[in-house]
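For reference, the structure is listed below as structure tokens.
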Amino acid sequence: MSARSRGAPTKAEGDVRRLLMFRILRLATIGERTGQLRISGEFGLNLGEWRALGLIHALQPVTLAELAAELYLDKAQISRSVSDLIRKGLVSHSASLQDRRQTLFVPTAAGRRLHDRVLAFTSARNEMITRSLSPKEKAELLRLLDKVTEATVQSFDEIFRRPAKQRPERNAAKPPSRSRPAGTRSPRRGSQRDATQIRPSRGAPRVRDLKTAGP
């Protein structure tokens, strides 16, 4: 009985290069490397700064949390790009009138002008890449990408945004008290505690929205 008749994958079927996500990531890598070279050389922005500027322009006014959610990044990852845009005079920030704890970001006049130049450049580049497709094929490609993206986002949400597990009750299963030999005294309050009584830390400090123009 042959391998094909037994259901075993052939060499071509078992090739990782045939997987959809492998192809998409390869395409993205090629686009990022060429885009970084051109955008950095002609406009003085790295890709992180350009994506942040593009989203701030599209969603203005926008918070750091909204930018991070749109890009599926940590706020710490996007905050450096936003700080660099502020330092370059391309983005300004102010406190929200509804919630003074939140910082809102908008492009400056210089940021809007640069945004329009880079967007025109990237749009022309996209047209060049897809020039072998008919208008109908382009529309179908975008429609299919939207469907794949929707399924991928759903999978992401199921893994990373599911509700936290219920914590055990504090009074559940208390350990029995230890008896001490006669004549001994219990430790005074404030003395060194047993290692099993030390509570773990609650985790790293939360990343806050930018309050200053510094990185």
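The values are calculated or read from the model by the stated rules, or taken from the named source; none is laboratory data. From a predicted model like this one, the values you see are computed outputs, not experimental measurements. Ideal geometry is used to build each Cβ from the backbone, glycine not excepted, and the neighbour counts take in all protein chains shown.
How many residues, within region 28-64, are basic (Lys, Arg) and surrounded by 15 or more Cβ atoms within 10 Å (Cβ to Cβ)?
Going through region 28-64 one residue at a time, the tally reaches 1.
Output the qualifying pairs, or none if there are none: Cβ atoms under 9 angstrom, residues six or more apart or on different chains, first residue in region 11-36 and over 18 Å from Leu141 (Cα atoms), second residue at pLDDT 90 or above and of a type in the set (A, V, I, L, M).
Within 9 Å, the pairs are Glu32/Leu47; Gly35/Leu47; Gln36/Leu47.
Give me the residue from region 65-102 that is among the small types (Gly, Ala, Ser) and either touching a helix residue (DSSP H, G or I) at 6+ places or on another chain (Cβ under 8 Å) or under 20 Å from Phe43 (Cα atoms) (or both) and, out of that set, surrounded by the most Cβ atoms within 10 Å (Cβ to Cβ).
Per the criteria, the residue is Ser81.
Which condition does Ala58 not pass, out of (1) farther than 30 Å from Met21 by Cβ; (2) free of Cβ contacts under 8 Å to residues at least 24 places away in the same chain, if it passes all the others?
(1)
Can you name every one of the helices (runs of 4 or more DSSP H) wholly within region 61-136 that holds 1 or more residues which are hydrophobic (A, V, I, L, M, F, W, C), without any contact (Cβ under 8 Å) to a residue 60 or more places away in the chain and out of contact with any Leu (no Cβ under 7 Å at 6 or more places or on another chain)?
Filter on region 61-136 gives 64-71, 109-129.
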